[in-house]
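Okay, so here's the structure we're looking at.
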Amino acid sequence: MKRWVGPLIAVFAVACLGVFAPVQAQTPAAIKPAVVFSTGGKFDKSFNEGVSQGAEKFKKDTGIAVAEFEPSNETQFEQALRRFAQRGQDPIIAVGFAQAVALEKVAKEFPNIHFTIIDSVVNLPNVQSVVFREQEGSFLVGVLAALASKTGKIGFVGGMDIPLVRRFQCGFEQGIKYANPNAELITNMTGTTPAAWNDPGRGAELARGQIDRGVDVVYAAAGSTGLGILQATKDRGKLGIGVDSNQNHLHPGNMLTSMLKRVDVATYESFKAAMDHQWKGGTQVLGLKEGGVDWALDKDNEKLVTPEMKAKVEAAKADIISGKIVVHDYMSNNSCNR
Amino acid sequence: MEETLTFVTLTLAATLRVATPLVLCAMGGLFSEKSGIIDVGLEGKMLMAAFFAAATASLTGSIWAGVGAGIVAAEVMALLHGVACITYRGNQVVSGIALNILAAGLTVVLGTAWFARGGQTPPLGDSERLMPIFFPVARDNILVYAALLSVPFTWWAIARTRFGLRLRAVGEMPLAVDGAGVSVGWLRYRAVLLCGLFAGLAGAYLSMAQNAGFSRDMTAGQGFIALAAIIFGKWRPFPAFGACLIFGLLDAVAIRLQGVSVPGVGEVPVQLIQALPYLLTLFLLAGFIGNAVAPKAAGIPYEKEH
């Protein structure tokens, strides 16, 4: 039944497209940047919102308007990218791995327009691919989780079950084992379709299920679904770990930390480079060393992180940067075992 | 042993949590369908109610204003359905689907216009949500109990009252009811409005109890599952309630079995577990419930003879 609701909504959404067309750049500017968000939506308080923050900062600093598009489902990626390209928007940022196929097609059609894709690699001269070593940031929050857990049971709730999310999970697991070899990790995935990024109800149930099994720290790597996961965790007085953006402010006192993925910086840098005519294609891999990932410590969680915990995490961070600890990447062999 | 007991208790609590919107919706749908008005629009009513409940709760800070707004929103949808199907004798399925599309689009458009959060409402704080009454772990808020009470109420109203007798009659043979001097239209309007009331409560539950705020398409097909539960239950309240519980249980078990090593089987693949509810639905439909017969006049607009 859900199956035909989807297309119906899609038809309606497409009909709306003409009416609510994205706002065009008003000021005459050297570049006309654009962003096509992922299905989680611009206000997911996480991955997409990070990109949005980067774009907002760019707007504020330069006064250049950024055109935006929020697709209501994955079939709109290609249309949105092509529309922007036809209008001469440049550079165009495609947010999320799910846009890779659409972007490859559109980038070939518009070889003179610069595209940036976040979270996936597209090998074309006019495409800049930005990927992150999420396993390193996840390792750090894993260390914190193991140190903060009283029961020795830690939960992970992922969004869509794909290798990228497994990479978060795998790094998290390695961090936990590093800090406490006896700790147990319970892993759940919200679903196997892109809808899994936007299902807070199911996320909350999954978190409750884990908490019922003794889990007291839950890492949510699930886009908008994470809001439900973190809400359920807070409702039960347990600790949550946010992802991508700093989500500590969502539930101060119940958020152990957040795994920061600096998509805001990546977005800002990409626009800035285009403005300064420094834009380059190719692949950028951002890890701890490059400041692409990190863990969040602010006023909302400073009481939860003891000096010992902080020292241990910072030590692990230094070791990863120096290469003393090598965090295994799930996507290198599609397995969490090296 | 104790661990098993805890597992069973907690799974049952999860079942009730998941089944609550289904039960409320199914009971509402029963009133409507019993009167001969097919309601495919349960999903849309629930979605609209969820949105207005969360939006109002967030703006006024009052729980009861939120629940009230949810009910009013669902009632407006119910009235639209009633006007289209009863007064103007339109096709009930078409009207229901139209309401679903309207809700899916309108909630996101209004949400974006009012809150600029991509169709979401601001997250609700604890004072703006329906909080647990007795067991914080089980999250047993008032609407869970309302759902449980709605079943005997529906049974009583349909099977034991004069209104219920007429309601059943109007769903089977409206001509006879009309001949007895009772207004077919007014009876059906009352049934449709009762349906709106329950769907409104279900919607408020989704956005104010199960979640903390509205997000787009948050009903995720539950209105249709409630409709399936009505058919499973052969248009009777208690069997329909049972069907809702089965759906809820399957969902709860699916969530809890994920990543767990089952003795003798090993770890069950996620995909299989997620397919389980649908497999069981097919299995049950094919083998167990037998022939489900809808009220005879369901779907047929009543035209008064002159």
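Read the figures in this text as sums done on the coordinates, not as results from a lab. Nothing here was measured: the structure is a model prediction, and the numbers come from that model. Here the Cβ is made from the backbone with ideal geometry for all residues, glycine too, and neighbour counts use every protein chain on show.
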(message) Pairs please, first residue from the stretch B:51-71 and under 13 Å from B:Gln120 (Cα atoms), second anywhere and among the aliphatic types (A, V, I, L, M) and part of a loop (DSSP other than H, G, I, E, B), Cβ atoms under 8 Å, 6+ apart in sequence or on different chains.
(response) B:Ala54/B:Leu124; B:Ser58/B:Leu124
(message) Checking A:Asn334 against (1) surrounded by 12 or more Cβ atoms within 10 Å (Cβ to Cβ); (2) within 21 Å of the chain's Cα centre (by Cα): exactly one of these is not met. Which one?
(response) (1)
(message) Tell me whether the stretch B:58-75 contains one or more residues that are out of contact with any Gly (no Cβ under 9 Å at 6 or more places or on another chain), among the acidic types (Asp, Glu) and surrounded by fewer than 24 Cβ atoms within 10 Å (Cβ to Cβ).
(response) no
(request) Tell me which residues, restricted to the stretch A:283-327, are exposed (fewer than 13 other Cβ atoms within 10 Å of the Cβ) and touching a Phe, Trp or Tyr at 6+ places or on another chain (Cβ under 6 Å). (result) none
(message) Just to be sure I understand, how many residues within the stretch B:236-264 are under 16 Å from B:Leu284 (Cα atoms) and more than 12 Å from every other protein chain (Cβ to nearest Cβ)?
(response) 11
(request) Those residues that are in a loop (DSSP other than H, G, I, E, B), in contact with a Gly (Cβ under 8 Å, 6 or more places away or on another chain) and buried (at least 20 other Cβ atoms within 10 Å of the Cβ), I need them from the stretch B:213-239; list them, please. (result) B:Phe214, B:Ser215, B:Arg216, B:Met218, B:Thr219, B:Gly233
(request) Can you give me the number of residues within the stretch A:213-260 that are touching a Pro at 6+ places or on another chain (Cβ under 6 Å) and either in contact (Cβ under 8 Å) with a residue 40 or more places away in the chain or farther than 14 Å from A:Gly158 by Cβ (or both)? (result) 2
(request) Specify which of the listed residues (A:Val165, A:Val157, A:Val143) is among the aliphatic types (A, V, I, L, M) and in contact with a Lys or Arg (Cβ under 9 Å, 6 or more places away or on another chain). (result) A:Val143
(message) Please determine whether any residue of the stretch B:41-50 is in contact (Cβ under 8 Å) with a residue 24 or more places away in the chain, surrounded by fewer than 24 Cβ atoms within 10 Å (Cβ to Cβ) and of a type outside the set (Asp, Glu).
(response) no
(request) Please specify each residue of the stretch B:244-260 satisfying the condition of being touching a residue at least 40 places away in the same chain (Cβ under 8 Å) and of a type in the set (Val, Ile, Thr). (result) B:Val253, B:Ile255
(request) Would you confirm whether any residue within the stretch A:150-170 is hydroxyl-bearing (Ser, Thr, Tyr) and in contact with a helix residue (DSSP H, G or I) (Cβ under 6 Å, 6 or more places away or on another chain)? (result) no
(message) Could you tell me how many of the residues in the stretch B:9-40 are aliphatic (A, V, I, L, M) and more than 11 Å from chain A (Cβ to nearest Cβ)?
(response) 11
(message) Which count do you get for residues in the stretch A:193-230 that are more than 10 Å from chain B (Cβ to nearest Cβ) and in contact with an Asp or Glu (Cβ under 7 Å, 6 or more places away or on another chain)?
(response) 2
